[in-house]
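What follows is a set of notes on a single structure, which appears directly below.
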Amino acid sequence: MKADVDEQVTIDVSRLIRLPGSVHGGSMLVAKKVDNLEQFDPLNDAVWEDDEEMEVFVSHAPAMRMKENAFDEINNKNARLPKYYAAYLIAKGAARLL
(Lines give C-alpha, C1' and ligand atoms only; values in the text may rest on other atoms or scores of the structure.)
Protein backbone atom coordinates (compact mmCIF):
# COMPACT_ATOMS: atom_id res chain seq x y z
CA MET A 1 0.00 0.00 0.00
CA LYS A 2 1.40 3.39 -1.02
CA ALA A 3 0.58 6.52 0.99
CA ASP A 4 1.24 10.13 0.09
CA VAL A 5 3.30 11.91 2.74
CA ASP A 6 2.59 15.46 3.81
CA GLU A 7 6.18 16.68 4.01
CA GLN A 8 5.37 19.83 6.01
CA VAL A 9 3.71 17.73 8.72
CA THR A 10 6.28 14.92 8.60
CA ILE A 11 9.28 17.19 9.26
CA ASP A 12 7.51 19.14 12.02
CA VAL A 13 7.78 16.95 15.14
CA SER A 14 5.15 19.01 16.97
CA ARG A 15 2.56 17.73 14.47
CA LEU A 16 3.38 14.04 14.59
CA ILE A 17 1.25 13.05 17.57
CA ARG A 18 -2.30 14.13 18.28
CA LEU A 19 -3.90 12.71 21.41
CA PRO A 20 -7.19 10.92 20.67
CA GLY A 21 -10.04 13.01 22.00
CA SER A 22 -8.16 16.30 21.58
CA VAL A 23 -9.61 19.01 19.35
CA HIS A 24 -7.75 20.20 16.26
CA GLY A 25 -7.53 24.01 16.41
CA GLY A 26 -7.67 24.47 12.64
CA SER A 27 -10.91 22.56 12.14
CA MET A 28 -12.39 22.00 15.61
CA LEU A 29 -12.71 18.30 14.74
CA VAL A 30 -11.90 15.66 17.35
CA ALA A 31 -8.82 13.48 16.89
CA LYS A 32 -9.94 9.85 16.66
CA LYS A 33 -8.28 6.47 16.41
CA VAL A 34 -9.46 5.10 13.07
CA ASP A 35 -9.67 1.37 12.48
CA ASN A 36 -11.20 1.51 8.99
CA LEU A 37 -10.02 4.52 6.99
CA GLU A 38 -12.29 3.74 4.03
CA GLN A 39 -15.40 4.06 6.21
CA PHE A 40 -14.20 7.10 8.21
CA ASP A 41 -16.07 10.34 7.45
CA PRO A 42 -14.39 13.18 9.38
CA LEU A 43 -17.31 15.59 8.97
CA ASN A 44 -19.54 13.00 10.62
CA ASP A 45 -17.29 10.78 12.75
CA ALA A 46 -14.93 13.43 14.18
CA VAL A 47 -17.49 16.06 15.16
CA TRP A 48 -17.84 16.74 18.88
CA GLU A 49 -21.17 16.07 20.51
CA ASP A 50 -22.75 19.43 21.26
CA ASP A 51 -25.96 20.31 19.44
CA GLU A 52 -26.56 23.45 21.50
CA GLU A 53 -26.85 26.48 19.23
CA MET A 54 -24.99 29.77 19.15
CA GLU A 55 -25.25 32.89 17.05
CA VAL A 56 -22.41 33.89 14.73
CA PHE A 57 -21.86 36.19 11.77
CA VAL A 58 -21.01 34.11 8.70
CA SER A 59 -19.12 35.83 5.88
CA HIS A 60 -19.28 32.82 3.54
CA ALA A 61 -20.00 29.16 4.08
CA PRO A 62 -20.80 26.86 1.18
CA ALA A 63 -23.62 24.34 1.43
CA MET A 64 -22.28 21.28 3.22
CA ARG A 65 -23.13 18.28 5.38
CA MET A 66 -21.75 17.87 8.87
CA LYS A 67 -22.77 15.35 11.52
CA GLU A 68 -25.48 14.03 9.21
CA ASN A 69 -27.08 17.51 8.96
CA ALA A 70 -27.34 19.51 5.74
CA PHE A 71 -26.50 23.23 5.93
CA ASP A 72 -27.41 25.70 3.20
CA GLU A 73 -24.94 28.21 1.81
CA ILE A 74 -24.66 31.27 4.08
CA ASN A 75 -23.33 34.65 2.97
CA ASN A 76 -22.84 37.81 5.05
CA LYS A 77 -25.49 37.30 7.68
CA ASN A 78 -26.05 36.36 11.29
CA ALA A 79 -26.96 32.72 11.78
CA ARG A 80 -27.98 30.55 14.72
CA LEU A 81 -26.04 27.30 14.24
CA PRO A 82 -25.11 24.21 16.25
CA LYS A 83 -21.91 24.91 18.21
CA TYR A 84 -19.95 22.21 16.36
CA TYR A 85 -20.71 23.82 12.99
CA ALA A 86 -20.23 27.40 14.20
CA ALA A 87 -16.85 26.45 15.74
CA TYR A 88 -15.81 24.75 12.48
CA LEU A 89 -16.67 27.89 10.49
CA ILE A 90 -14.86 30.14 12.99
CA ALA A 91 -11.75 27.93 12.83
CA LYS A 92 -11.83 28.12 9.02
CA GLY A 93 -12.12 31.93 9.11
CA ALA A 94 -15.64 31.90 7.61
CA ALA A 95 -17.48 33.15 10.71
CA ARG A 96 -17.01 35.14 13.90
CA LEU A 97 -18.74 35.33 17.27
CA LEU A 98 -21.28 38.04 17.80
- prompt: Ignoring ligands, DNA and RNA, what percent of the accessible area of region 22-96 is carbon or sulfur (1.4 Å)?
  reply: 47 percent
message: Tell me the per residue accessible area of region 29-98 using a 1.4 Å probe; a whole number in Å² is fine.
response: 64 Å²
field: Cut-off 13 Å between beta-carbons: net charge of the residues surrounding ASP45, Lys and Arg +1, Asp and Glu -1
entry: -1
- prompt: Does region 23-98 come out rounded, prolate or oblate by the C-alpha gyration tensor, with a ≥ b ≥ c the root eigenvalues, rounded set by a/c under 1.5 and, if not, prolate when a/b is larger than b/c and oblate if not?
  reply: prolate
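The values are calculated or read from the model by the stated rules, or taken from the named source; none is laboratory data. Since the model is a prediction, treat every value here as computed from it, not as a measurement. Note that each Cβ is placed from the backbone with ideal geometry, even for glycine, and that neighbours are counted across all protein chains shown. For accessibility, only protein heavy atoms count, side chains too; no ligands or nucleic acids. Shrake-Rupley method; radii C 1.70, N 1.55, O 1.52, S 1.80 Å.
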